[in-house]
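To start, the structure under review is shown below, and the notes come after it.
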Amino acid sequence: MIKAVIFDMDGVIVDTEPIYYERLHEFFKVNEVHPDLEELDKIAGASSTDTWDTIQRIWGKTLNKHEYDQAYEEYFKDRPVNNNDILDPNLKTLLDWLVENQYKIALASSSSMAEIQKVLEECNLSHYFESILSGDMFRQSKPNPEIYLKSAVQLDVEPAECLVIEDSTHGITAAKAAGMYVLAKRDERFNFNQNLSDKIIDRLTDAITELKELKK
């Protein structure tokens, strides 16, 4: 019986991945770096550590992360992202239903805790989540299942009692390896293998139907 629902963030709660992908490509271009698009695809769903490794590999040399981050932020400072503009329109309906039906709710994201907190605060979502975990808190992030196993521990439920909503190959692989039921939010813009999930859904509110079915 499912007792808890664990959300990924990027691509599930907020549609950040295409924006970051486009901005990264633009930033590379102005610095005369021309990445292989398949290599760039590896960033979607990756931890900040793995993302940084990929950026350096594409750049072709060792970079100073602090200097790179400063240059990136300076370049885009006049174009801030409003997370409310990219918030999934069905998210709060699902969250409110989960609260009303007494499901435990958690967030397990490969993003940094600073990025997670920014999204949650801007979109007024923090109060929904009993557990919030960042990939930076673990030696290995997704596709390693540790972040999901730790989430279950913090919620005081068994992995088999958890339903995870993911989008990326790394995330789906991690949740399945943790022994959890996985719904993949359909996304055909990246080379994700969503067939690894238990079911692919078109809208977050489709999870309500799935949870009702799993109760039978």
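The values are calculated or read from the model by the stated rules, or taken from the named source; none is laboratory data. Predicted model, so just to flag it, every value in this text is computed and none were measured. Positions of Cβ are backbone-derived with ideal geometry, glycine not excepted, and every protein chain shown enters the neighbour counts.
Overview of results
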{"item": "Hits in the range 55-90 (condition: among the polar types (S, T, N, Q) and more than 22 Å from residue 35 (Cβ to Cβ))", "result": "82, 83, 84, 90"}
{"item": "Test result for residue 53, charged (D, E, K, R) and surrounded by fewer than 17 Cβ atoms within 10 Å (Cβ to Cβ)", "result": "yes"}
{"item": "Hits in the range 158-216 - residues which are of a type in the set (Val, Ile, Thr) and buried (at least 20 other Cβ atoms within 10 Å of the Cβ)", "result": "164, 165, 169, 172, 173, 182"}
{"item": "Meets criteria (surrounded by 17 or more Cβ atoms within 10 Å (Cβ to Cβ), under 30 Å from residue 180 (Cβ atoms) and either among the polar types (S, T, N, Q) or touching a strand residue (DSSP E or B) at 6+ places or on another chain (Cβ under 9 Å) (or both)) for residue 14", "result": "yes"}
{"item": "Candidate set: the range 84-97, residues that are part of a helix (DSSP H, G or I) and hydrophobic (A, V, I, L, M, F, W, C); chosen: the one farthest from the chain's Cα centre (by Cα)", "result": "97"}
{"item": "Selection from the range 145-169 of residues that are closer than 22 Å to residue 43 by Cβ and modelled with pLDDT of 95 or more", "result": "145, 146, 147, 148, 164, 165, 166"}
{"item": "Qualifying residue in the range 98-107 (condition: in a helix (DSSP H, G or I) and under 15 Å from residue 16 (Cα atoms))", "result": "no"}
{"item": "Of the criteria (1) surrounded by 14 or more Cβ atoms within 10 Å (Cβ to Cβ); (2) over 26 Å from residue 209 (Cα atoms); (3) modelled with pLDDT of 90 or more, which one residue 58 fails", "result": "(3)"}
{"item": "Of the criteria (1) in the same structural domain as residue 8 (by TED's automatic domain parsing); (2) within 25 Å of residue 192 (Cβ to Cβ), which one residue 155 fails", "result": "(2)"}
{"item": "Residues of the range 130-156 classified as closer than 17 Å to residue 48 by Cα, β-branched (Val, Ile, Thr) and surrounded by fewer than 15 Cβ atoms within 10 Å (Cβ to Cβ), total", "result": "0"}
{"item": "Residue within the range 111-129 that is over 26 Å from residue 51 (Cβ atoms), of a type outside the set (S, T, N, Q), touching a residue at least 60 places away in the same chain (Cβ under 8 Å) and in the same structural domain as residue 173 (by TED's automatic domain parsing) present", "result": "no"}
{"item": "Unmet criterion (only one of (1) more than 15 Å from the chain's Cα centre (by Cα); (2) under 22 Å from residue 179 (Cα atoms); (3) surrounded by 14 or more Cβ atoms within 10 Å (Cβ to Cβ)) for residue 72", "result": "(2)"}
{"item": "Residues (outside any helix (DSSP H, G or I) and over 23 Å from residue 1 (Cβ atoms)) located in the range 186-209", "result": "186, 187, 188, 189, 190, 191, 192, 193, 202, 203"}
